[in-house]
Each structure stands twice: as structure tokens, then as C-alpha cells.
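Worksheet: the structure to be examined is printed underneath.
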Amino acid sequence: MNPVFERLLANGPVVTDGAWGTMFLAMGLRAGEIGDAWNLTHPERVEAVPRAYVEAGSQVILTNTFLSNRITLAAHGLEDRLEELNRIGVEISRRAAGGRAAVFGSIGPTGKLLVTGEVTEAELEEVYREQTRILAEAGADAIILETMGDLGEAVCAVRASRETGLPVVACMAYSSGKNKDRTMMGVTPEQAAEALSEAGADVIGANCGQGIDGYIGICRRLRAATDRPLWIKPNAGLPELVEGRPVYRTAPEEFAAKTVDLLEAGAHFVGGCCGTTPEFIREVAAKVRQWKARGNAG
């Protein structure tokens with residue numbers, strides 16, 4: 001494991017970043033436009049996002065590469081810019097970090113389903129192998145697989161990511177079932193923890209899908225199911241559509257107060273997903289410092 005990751009594990013809990021899409025929408029991202037393309041067209045806007053999170057207290061920031069896999073880019077006519085988008089995404093976040101935060105290469109799902117035969121495991125592994133190689137060569141400190149709904153796809157992504165030699169964080173999104181404790185494919189936290197650990201993920205996690213209240217219980221269940229460090233990034237509640245735009249009602253102070261419950265439940269990496277902003281991370285960082293000051297670090 002690399003020194004950067006070892007330091008993060010040794011000095012946790014670790015504050016990660018917040019939402020990127022929320023910030024891009026506020027900056028003028030248009031409907032149908034993918035934020036990853038801004039790496040090429042508006043790099044200064046992209047850099048402003050991780051820079052704001054670092055200034056707010058993030059110890060880990062991601063890259064603007066969530067959609068930059070070959071399958072997703074092809075749907076937007078950008079597959080020929082794949083290497084450029086991923087490489088520049090890392091470069092932008094490294095500049096924003098300025099040596100003050102680690103940079104994790106962000107990877108999301110392809111949108112293709114194994115269960116319907118739209119794609120095979122071999123095809124998925126090759127898609128993720130291509131993207132993770134570029135992110136690693138560009139200088140990412142680790143790979144994070146986010147918002148995964150299909151456990152089979154997540155396992156393929158973990159296998160491919162491990163070939164880089166970088167630490168791998170694997171996160172599922174839990175938003176389905178009576179108690180909102182299953183992925184879209186019906187996978188429980190326990191099933192995900194077992195499969196992702198077996199595949200070789202260094203950190204197991206959950207992000208997106210729902211607000212922080214639901215993820216406290218999911219965090220406890222993940223903690224009971226695996227000895228791997230846990231990464232939890234909830235949304236700022238569930239969105240309401242106001243004039244066609246998502247609006248999140250959870251306040252930064254409320255979100256941060258409940259982050260303490262995530263720490264008590266066993267989370268090692270905490271931050272925010274959709275609807276969170278640098279103000280959320282500033283409040284979270286303050287709560288984490290207080291929690292550590294009470295002798296809870298390590």
C-alpha cells in the first residue's frame with residue numbers, strides 16, 4: 001500500500017470532499033451536458049471545485065472523471081477523448097490539492113447491465129482496466145469506484161483497478177427496498193461487503209442514493225460484515241424538484257452533526273455526495289476535529 005494511503009489510514013477519521021455535480025449545476029452546467037467534458041472546455045471551473053473543498057478541510061478530493069469510461073463517453077461522442085479527459089482530470093485535482101490533500105481517481109458505473117446481457121464481465125473489466133490505467137499513470141493516489149448499483153459490475157471494476165497497484169475504494173449506492181438498505185439490484189450491505197472484500201477492495205463504502213440518516217444503519221452493518229476501512233458519503237437528503245432543478249433541504253450543520261453518528265458506527269472516511277457543498281465539508285471537518293480531540297482518533 002502506498003505511503004499516502006497508509007498515512008490516511010493511520011491518522012483517521014479522514015474528511016473527503018462533497019458533491020461535484022451540485023457545484024457544476026450552480027456554475028451553469030446545462031441539461032444533457034456531462035461535467036467530465038468541462039476538463040477540456042472549462043478547466044478553471046473544474047479546478048475551483050476541488051480547491052474549494054481543500055480549503056474547507058477535505059483531506060481527500062476526487063477527480064472529475066466519474067463518467068469518463070469508454071462506454072459512457074461513446075454515448076456522448078467523446079470516446080476519442082477518453083485518455084485526455086482522465087489525464088487532465090487528475091492534473092486538475094492535483095493542482096487544486098497543492099500537496100494538501102490526496103487525489104483519488106473517480107470511476108462510476110457504465111450504465112450497462114450484466115443481467116440483461118448488454119455487456120459481459122470481460123468487457124467491463126477491459127473498460128475499467130483502460131480507465132484505471134490512465135488515472136494511475138496520471139498520478140492518482142488511489143482509485144474510487146462510486147455509486148455502483150450492480151455488485152457484479154463493481155466486482156469487475158475492483159479486479160481491473162487492482163492491476164494498477166493502487167489502493168481501491170469500492171462503494172455501492174443503497175436506495176432500494178422497503179428500508180432503503182439494498183442496491184438497485186437488491187444487494188444487501190452484508191453481501192456487498194463480502195463480495196467486494198473477496199475481490200480485493202482495500203476500502204468498502206456507500207455513497208449517494210439517500211440521506212445521512214439511512215447510511216448510519218448501513219454503516220453499522222458494513223462494519224459488522226468486514227474488517228476493511230469504511231467510506232461513507234451520503235446525500236444532503238432526498239432532492240425536491242424546484243423549477244426543474246434538484247433542491248436538497250438538509251442544512252450543513254444538521255448533516256455534520258449526524259456525521260458524528262457515522263464515526264461512531266465505524267466510518268473511517270466521511271464526506272458528502274449529491275447536494276453537499278464546501279460549507280457542508282467545513283462543518284464536517286470541524287466535527288471530525290472535535291471527535292478526534294476527545295480521544296477517538298485512530
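The values are calculated or read from the model by the stated rules, or taken from the named source; none is laboratory data. This is a predicted model, so every value here is computed, not measured. Methodologically, a virtual Cβ is constructed for each residue, glycine included, from the backbone with ideal geometry; neighbour enumeration extends over all protein chains shown. Note: accessible area is taken over every heavy atom of the protein model, side chains too, but ligands, DNA and RNA are not part of it. Shrake-Rupley method; radii C 1.70, N 1.55, O 1.52, S 1.80 Å.
Brief remarks follow.
- Farthest towards the positive end of the charge dipole of the chain, among the residues Thr183, Gly77, Gly99, is the Cα of Gly99, using unit charges on the Cβ of Lys, Arg, Asp and Glu.
- Once the C-beta distance of Glu130 and Arg294 is scaled by a Förster radius of 51 Å, the resulting FRET efficiency is 0.65 to the nearest 0.05.
- Only one item in (1) -0.27, -0.35; (2) -0.16, -0.22; (3) -0.19, -0.26 matches log10 I(q)/I(0) by the Debye sum over Cα atoms at q = 0.06, 0.07 Å⁻¹ derived from the coordinates shown, and that item is (2).
- Range of Cα positions in the stretch 162-285 per principal axis (Å), largest first: 43, 31, 29
- Reciprocal of mean inverse Cα separation for the stretch 6-128 (Kirkwood radius, Å): 15.4
- Distance from the stretch 194-211 to the stretch 23-66 (C-alpha centre basis), Å: 24
- GNM top mover of Gly237, Gly32, Gly18 - the chain, alpha-carbon springs below 10 Å: Gly32
- Charging the Cβ of each Asp and Glu at -1 and of each Lys and Arg at +1, and nothing else, the dipole of the stretch 162-215 about its Cα centre rounds to 240 debye.
- Taken per residue, the accessible surface of the stretch 154-195 reaches 42 Å², heavy atoms only and a 1.4 Å probe.
- Unsatisfied cross-links (Cα-Cα over 31 Å) in the set Lys112/Lys287; Lys178/Lys233; Lys112/Lys258: Lys112/Lys287; Lys112/Lys258
- The phi-based Karplus calculation (6.51 cos²θ - 1.76 cosθ + 1.60; θ = phi - 60°) puts the 3J(HN,Hα) values of the stretch 56-64 at 7, x, 5, 9, 9, 10, 9, 10, 7 Hz, whole numbers, x for Gly and Pro.
- Here the sum of -39500 (n - 2.57) over DSSP H runs of 4 or more residues, divided by the residues of the chain, equals -14000 deg cm²/dmol at 222 nm, to the nearest 500.
- Beta bridges per DSSP with both ends in the chain, % antiparallel, nearest 5: 15
- For the stretch 106-111, backbone phi angles converted through the Karplus equation (6.51, -1.76, 1.60; θ = phi - 60°) give residue-by-residue couplings of 8, 9, x, x, 7, x Hz, Gly and Pro being listed as x.
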